[in-house]
Every structure is written in structure tokens, then in C-alpha cells.
Amino acid sequence: MLLGLDINKMFKIRTRVVGTARIPAFQYYSFLILALFAATNAPASILEKTTTAQMTHEAKEVQIGEVVSTWTSPDPDQKMYFTYVKIKVEKTLKGKPAQEILLRQPGGNYRDPVSGKVTHQKVFGMESYQKGERGLFFIKYANDGAPTAILQTKQTIVKDEKTGEESVIRERSPDVEYSDRNLHQHHDEKSFYAVYDRKPLNAMVLEVQRAINAEKGDLKKN
């Protein structure tokens with residue numbers, strides 16, 4: 001179970017095996033389903049474009065940190081692969097402070113240590129992480145306690161070599177299209193047509209802090 005859901009019932013995953021003659025093709029659905037596609041050749045899945053406040057509210061933790069290692073392993077119980085992302089925490093914005101967090105993300109590339117066969121398993125809309133990347137991580141926990149970065153919340157931190165200013169890049173997956181709650185597609189400069197959204201890190205941190213303060217205010221009212 002992941003995030004309290006049966007993964008195999010919620011979506012199907014495209015898996016490709018390299019090194020064998022048989023390459024199965026499966027129908028697939030987005031992890032958060034706003035629209036269902038009947039055909040496997042659908043160009044993209046549709047996801048709601050979430051705001052910083054929505055991501056902060058959904059997350060149990062919001063951490064700033066650096067990816068120090070990643071690896072992929074099979075999970076026979078859930079009949080899929082998971083990629084593990086070890087993060088060295090620099091700053092905690094929400095949740096319990098920690099020095100290190102190990103994320104568990106569905107999908108990934110796995111090489112069998114005996115046969116050498118490589119299996120590529122893709123969960124559409126799920127971001128990947130690379131060693132050395134710094135980022136802002138919005139994290140939830142599965143029923144078994146495994147932390148995972150929330151879908152479509154990857155925020156990569158980059159530094160301008162000339163000015164030293166740090167910015168946050170929100171990458172847009174080419175596998176998905178983004179819409180609002182009424183399934184109206186975004187056509188502005190920050191739409192799914194863009195490769196990414198970009199804003200100063202300090203501004204992003206302020207948005208997260210405002211969302212956290214708003215949550216605290218709601219709790220006091222209740």
C-alpha cells in the first residue's frame with residue numbers, strides 16, 4: 001500500500017524490459033486521476049496544477065536538502081519497483097526536524113544483479129531525482145511509514161553563479177498536462193506548455209511559511 005491506496009487498482013504502470021524479446025505494453029493511468037484514458041497511446045495524463053499552499057497543506061513535512069544517493073529495488077509484495085532517494089536535510093520548514101530522510105518513490109530503472117537484465121518502470125507524472133540535486137521536498141507518509149515526495153511537487157534549487165541568488169525550479173513532466181479543478185487547461189506563461197516555473201528560493205520559503213501559519217490559524221479556530 002502506498003499513501004493508503006492500492007497502487008495496482010489506482011493506476012497501471014508501463015514496464016519495459018531491456019535484453020529480452022518480449023516487451024509488454026500496458027494501459028496506464030495517472031497516479032492522481034482527474035481523467036481516465038481508455039487507450040494506451042494517449043499523449044498525456046491530466047493532473048491538477050497545485051499551488052504552494054495546497055502542496056504545503058497536503059505535506060506532513062517540508063524539507064530543504066540535497067540528494068546524496070539513489071537506488072532502485074523490486075518489491076515482490078506490491079509487484080512493482082521502488083526508487084529510494086536519500087536526502088541530507090539542510091532546513092526543516094514543516095514537520096519534525098531530521099538530519100536525513102529516505103524517500104520511497106514508485107518506479108525506476110532496475111538491473112538484475114544475476115542476469116544483467118534492465119527493467120524500466122515508469123509511473124507517469126512521478127518525478128525522478130539525481131545525486132547532487134538540491135531541492136525543496138513536500139513529503140507524505142504511507143501506511144507502512146515510508147516517506148514519499150508528493151506527486152508533481154519536485155522543486156529543484158539552483159544557484160546563479162554571477163549573483164549567488166538561489167531560485168526554485170518546478171519542473172513540468174512531459175508525460176502530463178496540467179489543469180485547474182474544473183479541467184480547464186492552463187494557457188498562461190506558467191502553464192503545462194512551459195518546461196518549468198521559476199521563482200526565488202526566499203519567495204518560495206515565504207509562501208510555505210504563510211501556508212503553515214494559515215494552517216495554525218485554522219486549527220485555533222477549530
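For this structure, a couple of remarks:
- The set of residues in region 123-137 being assigned to a loop (DSSP other than H, G, I, E, B) and of a type outside the set (Lys, Arg) consists of 123, 124, 125, 126, 127, 128, 129, 130, 132, 133.
Here's the yes/no breakdown for (1) within 30 Å of residue 53 (Cβ to Cβ); (2) under 17 Å from the mean Cα position of the chain (by Cα); (3) among the hydrophobic types (A, V, I, L, M, F, W, C):
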residue: 71; (1), (2), (3): no, yes, yes
residue: 84; (1), (2), (3): yes, yes, no
residue: 91; (1), (2), (3): yes, no, no
residue: 103; (1), (2), (3): yes, yes, yes
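- Checked against the criterion of being closer than 30 Å to residue 203 by Cβ, loosely packed, with under 13 Cβ neighbours inside 10 Å and either of a type outside the set (A, V, I, L, M) or touching a helix residue (DSSP H, G or I) at 6+ places or on another chain (Cβ under 6 Å) (or both), the candidates 54, 130, 63 yield just one match: 130.
- So residue 133, is it more than 25 Å from residue 60 (Cβ to Cβ) and at pLDDT 90 or above: no
- Scanning region 50-73 for residues that are out of contact with any Gly (no Cβ under 9 Å at 6 or more places or on another chain) and of a type outside the set (Val, Ile, Thr) yields 53, 54, 55, 57, 58, 69.
- Checking each residue in region 151-169 for being surrounded by 20 or more Cβ atoms within 10 Å (Cβ to Cβ) and either more than 16 Å from residue 197 (Cα to Cα) or out of contact with any Pro (no Cβ under 8 Å at 6 or more places or on another chain) (or both) picks out 151, 152, 153, 154, 155.
- Residue 94 closer than 23 Å to residue 144 by Cβ and in contact with a helix residue (DSSP H, G or I) (Cβ under 6 Å, 6 or more places away or on another chain): yes
- Among strands (runs of 3 or more DSSP E) entirely within region 138-192, having at least 1 residues that are out of contact with any helix residue (DSSP H, G or I) (no Cβ under 6 Å at 6 or more places or on another chain) and modelled with pLDDT under 60 singles out 176-179.
The values are calculated or read from the model by the stated rules, or taken from the named source; none is laboratory data. Note that the structure is a prediction, hence the values are computed from the model and not measured. Because the Cβ atoms are built from the backbone with ideal geometry, glycine has one as well, and the counts that use them run over all protein chains shown.
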